[in-house]
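The values are calculated or read from the model by the stated rules, or taken from the named source; none is laboratory data. Being a predicted model, the structure only gives us computed values, none of them experimental. Neighbour counts run over all protein chains shown; Cβ positions are idealised from the backbone, glycine included. Keep in mind that these areas ignore ligands, DNA and RNA; they rest on the heavy atoms of the full protein, side chains included. Shrake-Rupley method; radii C 1.70, N 1.55, O 1.52, S 1.80 Å.
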Amino acid sequence: AMHLWFNEVISPQFSQAQLLDGNGRSLPVTVTADPDDATLLIVNFPLLDDGVYSVRWNVLSAADGHPTQGLVVFGVGEGADLGTATAVAQETAVPWPDALLRWFNFLFLAGLVGGFAVSFLVLNPAAYPPEITAVQQTARQRILRLAWWCGVGALLIGLVWAGWQAILLSQNLVEGAPLPTIAWQWLSQTRLGYLWWLRQGLLLAVLVCLWRLRRAGPATVPAFLLPVITLLLLALLLGQSLTSHAAALTRQTAVAILADTLHLLAVSIWIGGLLALLAGLLPLVRR
């Protein structure tokens, strides 16, 4: 048997390995995960003759959802010449659609969090004289509209990302299975799938609260609504950090996740706040 250890927790149901002899023929193996070590994959071999063999493995990170593949070449017997093994190039770069979806996700989350923060931290009615209250209210409505649409964008990106994950898995790990089956298995049997449901649910709750906030006048905003939205947004950023590389660390994981969440919060208020100010105030200045 061959034991393969990884520096991140893997999803056993989306991890596999293939054994090839020196002529490139596939040999039967069984692949199992160690119940006591979530980073270990065990490949059980049949009885092997002397010669050169290779194991091609494909695994899915349970932390950030990145599929990874590699090749291990080994010899059996004293006469095995590893120099005869053919080198196989392994693609390790993140596919560009995956990177694009992640950047759009961060942009929409920044617009959502930054827009909400600017609306009630910068454009606070108590901080402005009465003569510019109308301008302040107009800018706030524009920014809240932007934040709401950013939330819709983040929700749609989540749906597209789930489909993209199913495509990646069908190409690398579970070839031949229908995409809907792969998508449902990923959503219902993996840690990332559970966090995906949490993320989408939080986004829906935020959108409902923002819609209620947009429909209410300044004097009729329920007192509980602002703290609720704040907590939902913080939970949303925490869920994002739980799918990052910070969650894959084996030491001081909680500290790393907390630091990543605070980093996302600061960047969202900064970048999203700038976008919100442009969207809310620039049209009024031009007018």
Report yes if some residue within segment 253-261 is of a type in the set (Asp, Glu) and either on the phi > 0 side of the Ramachandran plot or without any contact (Cβ under 8 Å) to a residue 12 or more places away in the chain (or both); otherwise report no. no
Expected output for segment 180-197 (first residue exposed (fewer than 13 other Cβ atoms within 10 Å of the Cβ), partner of a type in the set (Gly, Ala, Ser), Cβ below 8 Å, 6+ apart or cross-chain) is Pro180/Ala166
Tell me, yes or no, whether segment 250-269 has at least one residue that is more than 16 Å from the chain's Cα centre (by Cα) and basic (Lys, Arg). yes
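Looking only at segment 198-229, how many residues end up being open to solvent by 60 Å² or more (accessible area, probe 1.4 Å) and of a type in the set (Val, Ile, Thr)?
2
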Here the qualifying pairs (Cβ atoms under 8 Å; residues six or more apart or on different chains; first in segment 118-137 and more than 19 Å from Gly272 (Cα to Cα) and among the aromatic types (Phe, Trp, Tyr); second surrounded by 10 or more Cβ atoms within 10 Å (Cβ to Cβ) and modelled with pLDDT of 70 or more) come out as Tyr128/Gln136
Taking first residues from segment 270-281 that are farther than 16 Å from Phe108 by Cβ and second residues anywhere that are charged (D, E, K, R) and open to solvent by 60 Å² or more (accessible area, probe 1.4 Å), the pairs with Cβ under 6 Å that are 6 or more apart or on different chains are Gly280/Arg142
Q) Is one or more of the residues making up segment 144-162 touching a Ser or Thr at 6+ places or on another chain (Cβ under 6 Å) and either in a helix (DSSP H, G or I) or under 15 Å from Gly115 (Cβ atoms) (or both)? A) yes
Of the residues in segment 240-253, those that are open to solvent by 80 Å² or more (accessible area, probe 1.4 Å) and either under 23 Å from Leu187 (Cβ atoms) or not hydroxyl-bearing (Ser, Thr, Tyr) (or both) come to His245, Leu249, Arg251, Gln252
Those residues of segment 233-253 which are part of a helix (DSSP H, G or I) and under 19 Å from Gly65 (Cα atoms) amount to Leu236, Leu237, Leu238, Gly239, Gln240, Ser241, His245, Ala246, Ala247, Ala248, Thr253
